[in-house]
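J.: Dropping a structure here in C-alpha cells format, bear with me for questions.
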Amino acid sequence: MEEQSKISFQVRESRMSLVTGILSIGFAIFIFVMWILHPKGQGGGLLLYVPLLFMAGSGIGLCIVYRNRRVIVEEMNMCYVNSLKKTKLFTLDEIGFCKLDVGGGKITMILYDLVGDKLCKLDFGMQGMGEFLQYLVDNKVKTELDGRRRNRRESFLPELIVKETAVCAEEIAKCAETFYDEAEKIFRDWEKRNKRFEVEWEIGFAEYTEEDLAKQTKRKRSWEWTSSLAEGMAELPEDYECVLEAYLKRDGAYIVDQRGEIISIQMPYLSRCRSYQIGERTRIRRVDEKTLTEEIEQYLEMLSKEMPRHKYRMESFSIRHPLQKSAGRLGVTGK
C-alpha cells in the first residue's frame, strides 16, 4: 500500500478582497487628484475628506485582510491567523464541532472547541474552503447546517460535502442498483404525466476516469464521450468517476434543442479521489441520493414547462459509451 501524501493546504481570503481594496484606494486617490486639479470655489472640507478617508481606509483594510487572514493546515495541526496577524494554534482533536450558517447571500463557518468556545470564524467564499470542509467531514468532525435562512442554491455545495458518504468498492454495485431504481421511477412517472410530448428517457450509469472527463467535457458533447475503462475491470482506478446520465428520446431518436444541444442530464454519483482523513489515502465518495433525486425532480419540472415554449428536432446517433443499470462490477462483464 502506498503511503498517504502529506495533508498540507491553506485557506486564504478571496482575491476579490484584494481587487476591491485596490479599486477603493485607487478611486479615492483619483477623486482627490481631480479635486486638486479642478477645484470649485471653496468646496472640500469634511464633505470631501471624510468620504475619501473612509474609501481609502476601507481599501487598505481589505488589502490587510487579504494579506493576513488565513488557516494553515498541516496534517492534524491548524494555525488560524486573523486580520491583525494574531495567531491561534489548535489540532483536529480540539475541534468540538463546526457550524455552517447559510443565508443572506453568504455562508459562514464557525469552529468551536470541545467546551463550546469559538476557535475561529471563516467565510465560505475564501479560497480553499471547500477543501477545508472536506477535510473536516472526512475526519468526522460534527458539522451542523443552520437552515433558518437557508437558500437551496447557496447551500448546495456545502450540503453535498456534508451529506456525502464513503463506500467500499464491493458496495458500489448494490448502491448503484438501488439508486437506479429510485431514479428510474422518477423519470417514468414524469413520462406518464407528460404523455402529450410522446417522449421517453434512456437512463443509466456511465463510468469514466477523471482524465476521460477532463479531456472531453469541454470539447465534446455528452453523447460523444468515451470511457477508457474496460468491462470487468479487476479494480477501480484511483480517479474513478460514476455518472448517472439520462437522454430524452422520441421514436428512437434523440431530442436536440435549437442550439444543437441534446436534452440530457449528467449527475456525478460516485467518485474515487484523495481522502483527507488522517491515515487514509483514497476514498470512494457517494453523493447523497436524496439531494440528487430532488435535483432530478426540479429539472424535470422545469423541462415540462419549457418544452411547449421552444422548438426541438430529432437526430439519430449512438451514445458512444455504455449506460448500465449498475456500476463498479469488478471482474464481471456485461450489464
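The values are calculated or read from the model by the stated rules, or taken from the named source; none is laboratory data. Please read all numbers here as calculations on a predicted model, not as lab measurements. Cβ atoms come from the backbone with ideal geometry, glycine included; neighbour counts cover every protein chain shown. Accessible surface is based on the protein model in full, side chains and every heavy atom, while ligands, DNA and RNA are left aside. Shrake-Rupley method; radii C 1.70, N 1.55, O 1.52, S 1.80 Å.
J.: Among the residues of segment 98-117, write down those that are farther than 17 Å from Tyr80 by Cα, over 21 Å from the mean Cα position of the chain (by Cα) and of a type outside the set (A, V, I, L, M).
T.: Result: Gly116, single match.
J.: State which residue pairs qualify: first residue free of Cβ contacts under 8 Å to residues at least 60 places away in the same chain and at positive phi and inside segment 73-98, second residue hydrophobic (A, V, I, L, M, F, W, C) and open to solvent by 30 Å² or more (accessible area, probe 1.4 Å) in any location, beta carbons under 9 Å apart, and separation of 6 or more residues or different chains.
T.: Lys85/Ile64
J.: Among (1) in contact with a strand residue (DSSP E or B) (Cβ under 8 Å, 6 or more places away or on another chain); (2) at pLDDT below 95, which single condition is Arg153 missing?
T.: Single failed check for Arg153: (1).
J.: Looking only at segment 277-306, filter to residues that are part of a loop (DSSP other than H, G, I, E, B) and either of a type in the set (Val, Ile, Thr) or open to solvent by less than 30 Å² (accessible area, probe 1.4 Å) (or both); which one of those is farthest from Arg250 (Cα to Cα)? Spell out how you get there, then give the answer.
T.: The initial filter retains those residues of segment 277-306 that are part of a loop (DSSP other than H, G, I, E, B), namely 277-281, 287-288.
Those left that are additionally either of a type in the set (Val, Ile, Thr) or open to solvent by less than 30 Å² (accessible area, probe 1.4 Å) (or both): 278, 287.
On the way: Ile278: 50, Val287: 30 Å.
Among residues in segment 277-306 that are part of a loop (DSSP other than H, G, I, E, B) and either of a type in the set (Val, Ile, Thr) or open to solvent by less than 30 Å² (accessible area, probe 1.4 Å) (or both), the one farthest from Arg250 (Cα to Cα) is Ile278.
J.: Could you grab the pairs with beta carbons closer than 7 Å, sequence gap of 6+ or different chains, first residue in segment 165-184 and farther than 26 Å from Lys140 by Cβ and open to solvent by 70 Å² or more (accessible area, probe 1.4 Å), second one acidic (Asp, Glu) and part of a helix (DSSP H, G or I)?
T.: Glu182/Glu289
J.: Check Glu200 against each of (1) open to solvent by 50 Å² or more (accessible area, probe 1.4 Å); (2) touching a residue at least 40 places away in the same chain (Cβ under 8 Å); (3) under 21 Å from the mean Cα position of the chain (by Cα) and name the one condition it does not meet.
T.: (3)
J.: Here are the criteria: (1) open to solvent by 20 Å² or more (accessible area, probe 1.4 Å); (2) over 23 Å from Arg286 (Cβ atoms); (3) in contact (Cβ under 8 Å) with a residue 40 or more places away in the chain. Tell me which single one Lys220 does not satisfy.
T.: Going through (1) open to solvent by 20 Å² or more (accessible area, probe 1.4 Å); (2) over 23 Å from Arg286 (Cβ atoms); (3) in contact (Cβ under 8 Å) with a residue 40 or more places away in the chain one by one, Lys220 breaks only (3).
J.: Which residues, counting only those in segment 273-329, are aromatic (Phe, Trp, Tyr) and touching an Asp or Glu at 6+ places or on another chain (Cβ under 7 Å)? Step through it out loud before you land on a result.
T.: Within segment 273-329, the subset aromatic (Phe, Trp, Tyr) is 276, 299, 312, 317.
Correct list: Tyr276, Tyr312.
J.: Any idea how many residues of segment 307-319 are touching a helix residue (DSSP H, G or I) at 6+ places or on another chain (Cβ under 8 Å) and surrounded by 14 or more Cβ atoms within 10 Å (Cβ to Cβ)?
T.: 2
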